[in-house]
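Scroll down for the structure; my scribbles are underneath it.
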Amino acid sequence: MISEMVALARGVLTFDSATFAAHVESRDALKRGLLLMVVVALLAGLFPFFSSIVSSFRSPEAEIATAQREFEQRMAQQMQSNPAWQNPQIRRMFQDIFGGMFEIGRDIAQLKPNVSFLPSWLGRLLQAFGRWLSTPFVWLGAWAWYALWVMLFAKLLGGRATLGRMLAATSLFVVPHVLDLFTGLLDLVGRIPTVGVCFGGLSGLIGFVAGVWGIAIYVKATATANEFSLVKATFATILPALLNLLLVIALAIVAVIGIAIAASGWS
Amino acid sequence: MEAKPNLFQMAFGAFLLREDAYAGMRDDAQRIKRALILVVIVGLLVGVTGAVGRLVEWAFAPPMDKMQEVVLGHLMKMSWYPEMSRNPKALATFQQQYNLGWQIARVFAPSPSALVGIITTPLSLLIVWLIYGLLAHLAARMLGGQGSAGQTLACTALAVAPQLLNVVMILPHVTAAGVGTWTLACNFMAIRSAHGLSGWRALAATLLPLALAILVGVLFACVGLAAGGAALSQMGGAR
């Protein structure tokens with residue numbers, strides 16, 4: 001099973017047409033695709049999960065203090081460079097509100113749980129574990145929703161994929177996201193002061209490569225499942241995102257117009 | 001002769017969008033009985049596991065009433081609060097809104113009342129399955145479908161299979177996203193298989209009940225808003 005998966009991953013990463021075709025034709029294609037997605041998503045979230053495990057054993061006060069320090073540093077930089085922050089009244093109001101929010105967080109963290117003998121670190125550990133286990137589901141939800149739209153456009157462009165074949169084929173896009181394991185690791189190393197900046201950049205680059213590689217695999221998988229050209233597959237892959245973007249822009253314009261009308265009404 | 005797949009195997013096949021799983025259910029002599037058992041079992045599983053997960057979340061969460069007190073205490077220390085409290089009307093409105101906000105938060109926060117889900121989850125799954133199945137059947141027949149109501153209900157019962165993903169919620173703080181999308185895909189397969197419709201017609205028959213539900217929801221929301229607005233204006237008039 002593992003050797004089969006490795007062979008599949010290798011073929012997918014090298015855009016081997018025979019591998020794509022064999023995967024799409026296989027009865028277990030969707031099962032394998034889903035399994036790949038679960039494994040890769042869990043790997044991608046592994047280092048952030050380790051980091052959360054460590055955090056769950058630290059006192060919440062220390063965690064909040066660190067978050068507050070980082071937040072205040074970032075705000076101090078903003079206040080120096082952004083003219084909107086030069087107004088002392090706005091600054092005071094802002095510090096008042098956000099300082100208060102950190103205080104609230106600190107006091108809530110000190111509250112005993114509903115079942116008071118339970119240790120709070122165990123609650124935080126369970127929370128971290130839950131977040132990590134939720135990663136594959138988040139990926140699955142986003143991928144399945146997008147794949148349905150791509151399939152719709154593929155059909156309009158003359159595609160011949162069935163729903164099962166389409167989902168099975170496009171699930172292969174996760175394979176290069178194995179690299180997210182390293183982005184997670186580099187993000188952790190990136191927290192080291194001064195040196196960390198270099199690793200942060202590298203992590204972004206690896207993430208970008210994994211993303212582009214994944215899109216290219218998605219296009220190839222769409223073409224294979226629908227038995228049409230790569231050009232049509234590219235259109236089918238991009239069109240839902242493009243339409244979504246246009247919709248967001250249109251909604252933003254409507255919202256801005258609405259706010260402007262409301263503001264003129266108030267004044 | 002091949003052995004008949006059990007319900008779990010059928011649900012697994014349906015989850016993986018295998019046409020033979022839907023065809024098997026469509027042609028089963030005891031399809032309605034099996035469909036009913038499947039929906040109830042999945043509902044019970046999801047209900048019990050969800051309730052356990054929520055209960056554990058509640059056990060580790062701080063009490064809501066104490067959180068409400070803490071937040072209010074800090075808000076009262078903020079510079080805008082004394083200014084606002086000079087105006088009794090503004091203070092009353094703030095308190096009303098603040099309490100309402102916490103009441104809404106309590107609805108979504110984990111609590112021991114999550115145990116009710118053991119009963120409400122299978123019940124709601126059953127009701128949604130019956131209503132959706134019948135509406136989808138009507139839509140499919142209008143679009144030229146050939147299946148019977150029993151066949152539609154039997155096949156759409158298999159679309160509860162993605163709900164099994166929610167079983168992971170036995171672990172606290174785990175969320176199973178994508179269940180709705182996968183259910184939609186399963187319903188499409190179910191209607192297509194039950195009625196032998198083309199892809200586009202099956203898609204229309206799958207979406208029509210949902211469109212109708214959204215329309216009814218919007219209508220109810222409009223009526224609710226209008227009624228609320230009228231009540232508020234009456235209250236304002238009375239003052």
Would you mention how many residues in region B:165-211 are buried (at least 20 other Cβ atoms within 10 Å of the Cβ), away from every other protein chain (no Cβ under 11 Å) and of a type in the set (A, V, I, L, M, F, W, C)?
5
Counted residues in region A:6-20 being part of a helix (DSSP H, G or I) and exposed (fewer than 15 other Cβ atoms within 10 Å of the Cβ) come to 5
Test result for A:Phe137, more than 8 Å from every other protein chain (Cβ to nearest Cβ), surrounded by 17 or more Cβ atoms within 10 Å (Cβ to Cβ) and touching a helix residue (DSSP H, G or I) at 6+ places or on another chain (Cβ under 9 Å)
no
Return yes when A:Phe228 is out of contact with any Asp or Glu (no Cβ under 7 Å at 6 or more places or on another chain) and modelled with pLDDT of 95 or more and no when it is not.
no
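Yes or no, residue by residue, for (1) free of Cβ contacts under 8 Å to residues at least 40 places away in the same chain; (2) farther than 30 Å from B:Trp182 by Cβ; (3) polar (S, T, N, Q):
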{"position": "A:Phe15", "(1), (2), (3)": "no, no, no"}
{"position": "A:Lys31", "(1), (2), (3)": "yes, no, no"}
{"position": "A:Leu43", "(1), (2), (3)": "no, no, no"}
{"position": "A:Phe57", "(1), (2), (3)": "no, yes, no"}
{"position": "A:Ala62", "(1), (2), (3)": "yes, yes, no"}
{"position": "A:Thr66", "(1), (2), (3)": "yes, yes, yes"}
{"position": "A:Met79", "(1), (2), (3)": "yes, yes, no"}
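Consider A:Met79 carefully, then state whether it is aliphatic (A, V, I, L, M) and away from chain B (no Cβ under 11 Å).
Considered against the rule, which asks whether it is aliphatic (A, V, I, L, M) and away from chain B (no Cβ under 11 Å), A:Met79 comes out as yes.
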I'd like the residue in region A:140-150 that is out of contact with any Gly (no Cβ under 7 Å at 6 or more places or on another chain) and touching a residue at least 60 places away in the same chain (Cβ under 8 Å) and, out of all such residues, is farthest from the other protein chains (Cβ to nearest Cβ).
A:Val150
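Would you confirm, using the coordinates I've provided, whether B:Val52 is more than 14 Å from every other protein chain (Cβ to nearest Cβ), farther than 30 Å from B:Asn99 by Cβ, of a type in the set (Val, Ile, Thr) and in a helix (DSSP H, G or I)? Let's see the steps before the verdict.
Details: more than 14 Å from every other protein chain (Cβ to nearest Cβ): no; farther than 30 Å from B:Asn99 by Cβ: yes; of a type in the set (Val, Ile, Thr): yes; in a helix (DSSP H, G or I): yes.
No, not satisfied.
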Note: among A:Gln68, A:Gln73, A:Gln95, just one is of a type outside the set (Phe, Trp, Tyr) and surrounded by fewer than 12 Cβ atoms within 10 Å (Cβ to Cβ), namely A:Gln73
Among the numbered conditions (1) touching a residue at least 40 places away in the same chain (Cβ under 8 Å); (2) within 30 Å of A:Gly123 (Cα to Cα); (3) over 15 Å from the mean Cα position of the chain (by Cα), tell me where B:Ser193 comes up short.
(2)
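Quick grid of which residues meet (1) in the same structural domain as B:Ser148 (by TED's automatic domain parsing); (2) buried (at least 16 other Cβ atoms within 10 Å of the Cβ); (3) at positive phi:
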{"residue": "B:Gly24", "(1), (2), (3)": "yes, yes, no"}
{"residue": "B:Leu44", "(1), (2), (3)": "yes, no, no"}
{"residue": "B:Gly50", "(1), (2), (3)": "yes, yes, no"}
{"residue": "B:Arg54", "(1), (2), (3)": "yes, yes, no"}
{"residue": "B:Leu91", "(1), (2), (3)": "no, no, no"}
Those helices (runs of 4 or more DSSP H) lying entirely in region A:69-179 with at least 2 residues in contact with a Ser or Thr (Cβ under 6 Å, 6 or more places away or on another chain):
A:120-156
What number of residues within region A:81-92 satisfy the criterion of being of a type in the set (A, V, I, L, M) and surrounded by 11 or more Cβ atoms within 10 Å (Cβ to Cβ)?
1
Out of the residues in region A:198-210 that are touching a helix residue (DSSP H, G or I) at 6+ places or on another chain (Cβ under 8 Å) and under 24 Å from A:Arg10 (Cβ atoms), which is surrounded by the most Cβ atoms within 10 Å (Cβ to Cβ)?
A:Ala210
Pairs, please: C-beta under 6 Å, at least 6 apart or cross-chain, first residue under 14 Å from B:Lys77 (Cβ atoms) and in region A:85-101, second among the polar types (S, T, N, Q) and at pLDDT 75 or above?
A:Asp96/B:Ser79
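The values are calculated or read from the model by the stated rules, or taken from the named source; none is laboratory data. None of the values given here were measured: they were computed from a predicted structure. Virtual Cβ from ideal backbone geometry, glycine too; neighbours counted across all protein chains shown.
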